[in-house]
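Below you'll find the structure, written out as structure tokens, and then a few comments.
Read-outs: derived from the displayed coordinates by stated rules, not from any lab. No experiment lies behind these values; they were computed from the predicted model shown. Note that each Cβ is placed from the backbone with ideal geometry, even for glycine, and that neighbours are counted across all protein chains shown.
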């Protein structure tokens with residue numbers, strides 16, 4: 001466990017850099033995390049996806065899979081690949097401050 | 001517990017060279033419900049990892065992309081010792097329908113989509129679907145009979161060219 005300073009906040013992160021404490025996240029931190037994965041600017045569209053991930057995680061105790069983000073969250077899969085290129089599930093969970101999804105689909 | 005400064009804190013390496021240039025080809029040759037899913041699930045997982053993914057449907061695998069059959073794939077317990085059902089029972093009339101229904105429910109309970117919707121997901125994620133020329137000819141099927149996302153009906157030679165440098169799995 002490491003304490004990292006991100007956007008002026010001290011937050012706990014794991015060895016891969018994922019935030020480990022749900023409540024330590026905020027949008028300023030998300031903007032910094034986004035840069036780590038090649039997303040220079042978080043648009044309101046990005047933020048809407050992150051909000052869904054966090055709400056769903058909080059409700060179910062599990063990070064939603066890409067399929068769930070589309071089927072339950074209502075976000076278009078193609079669009080998710082544009083917003084979070086190449087590895088959307090991992091990238092969006094990292095920026096949203098929730099663990100990597102574990103589901104297969 | 002350690003403290004890291006902004007420059008040295010751990011960061012994931014999602015875009016490293018490990019997956020760039022990696023390519024996966026899945027040959028789907030079976031048309032039963034239980035054998036359709038392994039290819040679809042692996043394809044979806046690979047796409048989510050940013051890997052170029054192609055599915056080649058051949059022989060019975062055509063059931064997965066045939067508009068008439070894709071939504072009605074069946075599971076048969078006959079000849080499958082892993083169901084732990086006595087052979088005499090697994091062959092009873094109606095048993096295939098019962099077993100198929102049960103499997104569909106189990107799949108849906110895991111929030112895994114039915115086959116046609118799964119193909120939508122895979123094509124939306126950038127996956128490529130190809131149909132086998134010989135299988136199409138044998139079944140007298142044309143592109144119009146196939147799922148709309150199928151990019152083309154191609155020969156075995158075309159597939160060999162397409163899969164150059166790829167990791168290929170026969171399912």
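The table below gives the values:
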item: Stokes-Einstein D for chain B, Kirkwood Rh over Cα pairs, 4 °C, 1.567 mPa s (µm²/s); result: 72 µm²/s
item: Modelled FRET efficiency - R0 30 Å, residue B:102 with residue B:169, Cβ distances, 0.05 increments; result: 0.65
item: Structure-based [θ]222 nm, chain B - -39500 (n - 2.57) summed over DSSP H runs of at least 4, per residue, nearest 500; result: -10000 deg cm²/dmol
item: Convex hull of the protein assembly as shown built on C-alpha atoms - directionally averaged projected area, nm²; result: 17.3 nm²
item: Radius ratio Rg over Rh of region A:2-96, counting only Cα atoms, Kirkwood formula for Rh; result: 0.94
item: Shielding by partners - mean other protein chain Cβ count within 10 Å, residues of A:78-86; result: 3
item: Shielding of B:35-43 by partner chains, average beta-carbon count, 10 Å; result: 1
item: Among B:120, B:15, B:34, residue whose mean-square fluctuation peaks in a GNM of chain B (springs only between Cα atoms under 10 Å); result: B:15
item: D (Stokes-Einstein, µm²/s), Kirkwood Cα radius, region B:42-112, 1.306 mPa s at 10 °C; result: 109 µm²/s
item: Distance (nanometres) between label positions extended 7 Å along Cα→Cβ at residue B:78 and residue B:139; result: 2.0 nm
item: Counting DSSP beta bridges with both ends in the protein assembly as shown, the antiparallel % (nearest 5); result: 25 percent
item: Region B:105-121 and region B:155-171: distance between their alpha carbon centers, rounded to Å; result: 26 Å
